[in-house]
Each structure stands twice: as structure tokens, then as C-alpha cells.
Amino acid sequence: MSDARATFTSMESGTADDWGIITGHFLPFAAGLPDRILAHLRLLDGDYGGFAVDRLTHSLQTATLAHREGRDEEYVVCALLHDVGDTLGSFNHADVAAAIVKPFVSEENHWMVEQHAVFQGYYFFHHLGMDRDARERFRGHPWFDRTAEFCALYDGPAFDPKGETLPLAFFEPMVRRVCAFPKRSIYAGDPPR
């Protein structure tokens with residue numbers, strides 16, 4: 001990669017040559033996204049937060065359960081990454097994870113990741129004085145059942161110290177394939193939503 005840099009100091013004065021330089025730097029940087037996602041996921045290793053397993057193990061178990069049940073690769077990657085936002089989005093982890101996967105996955109998988117925190121609340125919100133039925137505001141949404149099922153079958157039961165936990169290396173090629181090129185992005189020709 002060249003050391004060339006754009007010359008503008010304000011976007012309004014940028015030229016096609018400037019943006020050609022920037023694009024030349026962006027493409028290799030974008031190609032490294034799967035590495036950065038995996039590195040961020042590894043930050044969950046050893047972070048128990050009071051749970052019986054650490055957050056990385058939980059993520060791996062969630063993905064393992066989905067994989068073992070025959071879910072497609074995109075779904076399994078969503079299962080793996082659903083809590084990747086825990087470190088930076090302590091109060092909105094699902095939003096962070098959803099933002100990461102959004103360009104690469106279907107609308108239904110994106111919505112599932114984005115809303116899973118509300119849906120998982122069905123199992124514990126009442127213990128915290130919150131409304132366990134908060135997910136009901138989404139009743140009738142086309143992906144309500146998909147998200148409820150994700151929490152019931154994969155996310156909820158993935159806190160077992162003795163549960164099957166495939167290693168991150170098993171899922172790494174899936175992450176690399178799913179996150180190789182955006183399906184939905186302003187930079188892939190899709191209008192922003």
C-alpha cells in the first residue's frame with residue numbers, strides 16, 4: 001500500500017484523486033475487518049460477569065448449538081457475534097453487535113441480533129423488577145418467532161460449563177466468509193435505511 005495521502009483539509013475541497021487515494025487505503029483496511037471482529041470477540045475470554053461461563057464461552061456455545069441444529073452459516077455467525085458488543089456497549093450490547101453484522105446479513109438475522117436483548121429478558125427481567133413481557137411490543141412482527149426461538153434454543157441454554165463448546169478456530173472461516181463483502185451498505189450500492 002502506498003503512503004500517499006489526500007491533500008484536502010475539508011471534505012468539500014476533496015478531489016477525485018484524493019478519494020482514489022483514500023479508496024486505495026480503504027480496501028485493504030476493510031479486508032481486515034474479520035480479523036478485528038475476531039480480536040474483539042476474544043476480549044470476552046475470561047469475562048464471567050457473574051455467569052457460570054465467560055462471555056466468549058457463552059458466544060461459542062450459542063454458535064455451537066445453532067450449528068449442531070443445522071442452522072445456515074450466516075445464522076451461526078450471528079449466534080457467535082450476538083454478544084460481541086458487551087465490552088463497548090454495556091447498556092446496549094445488542095445494538096453494537098447488530099451494527100457490526102448489519103452490512104453482511106439478511107434483514108431477519110440483523111433484526112434477531114438487534115432485538116435479542118429484549119427477547120432474552122423474558123427469562124430474567126422479572127427477577128430485576130422489569131417487565132419480562134417487554135418483547136410483546138414486537139408481537140406480530142415477521143421476525144418475532146425467529147428471535148424468540150433464538151433465545152429459547154441457543155442463547156438461553158448456552159451457559160453450561162459442561163456444554164459442548166466448539167473452539168473459535170472452528171467458526172473463524174465462517175466469520176471470514178460472511179463478513180467478506182457487504183450485502184447491505186451504502187458502499188455496496190444499497191440506499192441507507
remark   = Rounded to whole angstrom, the alpha-carbon centroid of segment 134-193 lies from that of segment 22-38 at a distance of 22
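With a cap of 13 neighbouring Cβ atoms within 10 Å, and only residues DSSP puts in a loop, list the trypsin sites (Lys or Arg not before Pro) found in segment 103-191.
Numbers: sites: Arg132, Arg135, Arg137, Arg139, Arg146, Lys162, Arg176, Arg177, Lys183, Arg184; in loops: Arg132, Arg139, Lys162, Lys183, Arg184.
Hits after loop and neighbour filter: Arg139, Lys162.
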key: GNM result for the chain, Cα springs below 10 Å: residue of Ala117, Ala66, Ala169 fluctuating most strongly   = Ala169
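What is the dipole size for the chain, taken about its Cα centre, with +1 at each Lys and Arg Cβ and -1 at each Asp and Glu Cβ, in debye to the nearest 20? Before the final figure, lay out the partial values.
Numbers: 18 positive and 28 negative charges, 22 e Å.
Dipole of the chain, to the nearest 20 debye: 100 debye.
Contour minus end-to-end for Trp19 and Ser185, with contour as 0.36 nm per residue of separation and end-to-end as the Cα-Cα distance? Before the final figure, lay out the partial values.
Numbers: separation 166, 0.36 × 166 = 59.76 nm, distance 1.83 nm.
Between Trp19 and Ser185, full extension yields 57.9 nm more.
At R0 = 25 Å, how high is the FRET efficiency between Thr7 and Ala30 if r is their beta carbon distance? Nearest 0.05 is fine.
Working: r = 23 Å, r/R0 = 0.91.
Result of the calculation: an efficiency of 0.65.
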query = What 222 nm value per residue comes from the helices of the chain, counting each DSSP H run with n ≥ 4 as -39,500 (n - 2.57) and dividing by all residues, nearest 500 deg cm²/dmol?
reply = -14000 deg cm²/dmol
remark   = Ranked by GNM mean-square fluctuation in the chain (Cα springs under 10 Å), the top entry among Ala31, Ala79, Ala97 is Ala31
query = So which residue, out of His82, His25, His110, gets the largest mean-square fluctuation from a GNM of the chain using Cα contacts under 10 Å as springs?
reply = His25
query = For Ser90 and Phe138, what does the FRET efficiency come to when R0 = 22 Å and r is the distance between their Cβ atoms, rounded to the nearest 0.05?
reply = 0.45
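Sum up the charges of everything whose Cβ sits under 10 Å from the Cβ of Thr147, counting Lys and Arg as +1 and Asp and Glu as -1, but leave Thr147 out.
Net charge in that neighbourhood comes out at -3.
Read-outs: derived from the displayed coordinates by stated rules, not from any lab. Every value quoted in this text rests on a predicted model; they were computed, and no experiment measured them. Reconstructed Cβ throughout: ideal geometry from the backbone, glycine too, with neighbour counts over all protein chains shown.
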